[in-house]
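Asks: This structure is in structure tokens; I'll ask about it shortly.
The values are calculated or read from the model by the stated rules, or taken from the named source; none is laboratory data. All values reported here derive from a predicted model rather than from experimental measurement. Cβ sites come from the backbone with ideal geometry, for glycine too, and all protein chains shown count toward neighbours.
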Amino acid sequence: MRSLERQVYLTLSDVIDDIPAKHLSVAVSMGADSLALFYIVYNLSKEYKFQLSAIHLNHGLRKESNIEQRAFIKLMDELSVNYYTDNLSVPDELTLDKGKSFELWARNERFKFYQNAKNKLMFDFLLTAHHKDDNVETFFLNLFRGTGLKGLAGIMAKRGFIISPLLNVEKIELYEYLKEINVQFFEDYTNKDNKARRNYIRNVILPDIEKKFSNYKNSIVSCMEEVSFAIDFINSFIPFWYKEEEWDLHLFENLSPYLQRYIMYRKINDLLDFELENINPKRQPSVSKKIVNYALLKIKTLKNGEILQFRNIKIYKSYNRIYFVTSSVKDSSVQGSFSLDKSEFENKKSLVLSFNQYFINIKIKRKIDNIDLNKNFIFEKDKIVDRLIFSKWEKGDFIYLKYGKKKLQDLFVDWKIPRHLKDKILVLKDCKNIIGIFIPFKFANRQNYILSNQYFIDFQSNYEYIIVSVNEKG
């Protein structure tokens, strides 16, 4: 076994348990880096008997793309390696709908291809040929962009099912390996186009740096490791409520200014609605520092209301709390009303209705056993005059509580329910009287079912009771 093959196997062993029992696939472009990785892993598969496959995406950006794809297929057939390949349909314009750049679009298409390949070949991990030189270039590219700490930590060795086992290997070592095993590869002439920022860093800036600092690659890698340690240290201070949909403003304000900005940055990025988030969240476009600083300023200066609307995210401040709402969550505001005549449930023991985003279960019982009053409306059937009505609340609505009559509008203010949540509340009526209100979210330890005092029941009475429970669909 060659030393480079042994080094890669040890790297893989650090992130994969029981390699012989796994199915590994290699992303092969037919360039030097990916071909070197493929042959390394191919030889390891012979030694350690794990299943191997390969994938190739034809981007269609160069006239050589089809030639490279055919060469890939021929190579896999010759080596009897299972493979999956596909073609990328490139749009005519560089900018697509929703403001996404061509670069972002192509990147997302590539990761869709990775997921499709995983579904087709059923591999456990996909190996990519990012090496030490790529990592150093990424460091400088992110540095010049003004990235945060995460960008300065470099390429992650493992991102979901994607692994980069060559991050400690220099590109020159891969060339030497291919020369040793006598394998030819394709050159991508676009890598010489210095109009591309990464190419400019690779071909112009880094050669000048190397003239003065011959060991700069190892120094940068060491720096990236220190940044990763710093990120882990900062993450240890992130509060447990960070992932909640609402934050206590006082708890947030008690954090240091840096930690406030850090967790707001992370929170917004976590909520950004991208299709490939679960595949590779690190590569998704992130919110700018300008947006985060604007949100922090609004939190300090705005009494109540909308703090920020960014892409699919809305952030609200209300009653000393911060709320995060995403458009990817189905709108659950109550729309319209639904009326059920008493005759429709008079002689039925149970009934299930569909209204807006809810399933409403209605049962008629004479005996009440083990019924949780916090999870149902329970009231006497004879108190219903002619119908049950399910609807959204209106400004003139009121309910009778233990301490008297109260307008719902005033009640929600007293309970400090934010404006964007009020429209989600469902009202149960009998003609014009409100029987109860259903609050479909957890809020300040309030019960979900609030029954009007007019409809409280005596469980000792020998009456028929209506039991109503509400469940969200899905």
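Asks: Would you check if Ser25 is touching a strand residue (DSSP E or B) at 6+ places or on another chain (Cβ under 7 Å) and either outside the structural domain of Phe111 (by TED's automatic domain parsing) or under 25 Å from Ile181 (Cα atoms) (or both)? Outline the logic, then answer.
Replies: Details: touching a strand residue (DSSP E or B) at 6+ places or on another chain (Cβ under 7 Å): yes; either outside the structural domain of Phe111 (by TED's automatic domain parsing) or under 25 Å from Ile181 (Cα atoms) (or both): yes.
When the stated conditions are applied, Ser25 passes them.
Asks: Among the residues of the stretch 334-356, how many are modelled with pLDDT under 80 and surrounded by fewer than 14 Cβ atoms within 10 Å (Cβ to Cβ)?
Replies: Counting residues in the stretch 334-356 that are modelled with pLDDT under 80 and surrounded by fewer than 14 Cβ atoms within 10 Å (Cβ to Cβ) gives 3.
Asks: Looking at Ile155 and the list (1) within 21 Å of the chain's Cα centre (by Cα); (2) modelled with pLDDT under 90, which single condition is not satisfied?
Replies: (2)
Asks: What are the pairs with Cβ atoms under 8 angstrom where one residue, in the stretch 341-356, is of a type in the set (Ser, Thr, Tyr) and the other, located anywhere, is surrounded by 10 or more Cβ atoms within 10 Å (Cβ to Cβ)? Sequence gap at least six, or different chains.
Replies: Ser350/Asn361; Ser350/Ile362; Ser350/Lys363; Ser350/Ile364; Ser354/Ile360; Ser354/Lys473
Asks: Of all residues in the stretch 176-217, how many are without any contact (Cβ under 8 Å) to a residue 40 or more places away in the chain and either exposed (fewer than 14 other Cβ atoms within 10 Å of the Cβ) or under 25 Å from Gly60 (Cβ atoms) (or both)? Give the steps one after another, and end with the answer.
Replies: Just the residues of the stretch 176-217 that are without any contact (Cβ under 8 Å) to a residue 40 or more places away in the chain, to begin with: 176, 179, 182, 184, 191-196, 199-200, 203-204, 207-215.
This time we only want the ones that are either exposed (fewer than 14 other Cβ atoms within 10 Å of the Cβ) or under 25 Å from Gly60 (Cβ atoms) (or both), so: 176, 179, 182, 184, 191-196, 199-200, 203-204, 207-208, 210-215.
Within the stretch 176-217, residues that are without any contact (Cβ under 8 Å) to a residue 40 or more places away in the chain and either exposed (fewer than 14 other Cβ atoms within 10 Å of the Cβ) or under 25 Å from Gly60 (Cβ atoms) (or both) number 22.
Asks: Still on this structure: Hydrophobic (A, V, I, L, M, F, W, C) and surrounded by fewer than 16 Cβ atoms within 10 Å (Cβ to Cβ): which single residue out of Phe233, Phe252 fits that description?
Replies: Working: Phe252 fails: surrounded by fewer than 16 Cβ atoms within 10 Å (Cβ to Cβ).
After ruling out the rest, the residue left standing is Phe233.
Asks: Could I ask something else about it? Would you point out which residue out of Lys392, Lys381 is basic (Lys, Arg) and more than 21 Å from Ser350 (Cα to Cα)? Working first, answer last.
Replies: Working: Lys381 fails: more than 21 Å from Ser350 (Cα to Cα).
Result: Lys392 is the single residue among Lys392, Lys381 that is basic (Lys, Arg) and more than 21 Å from Ser350 (Cα to Cα).
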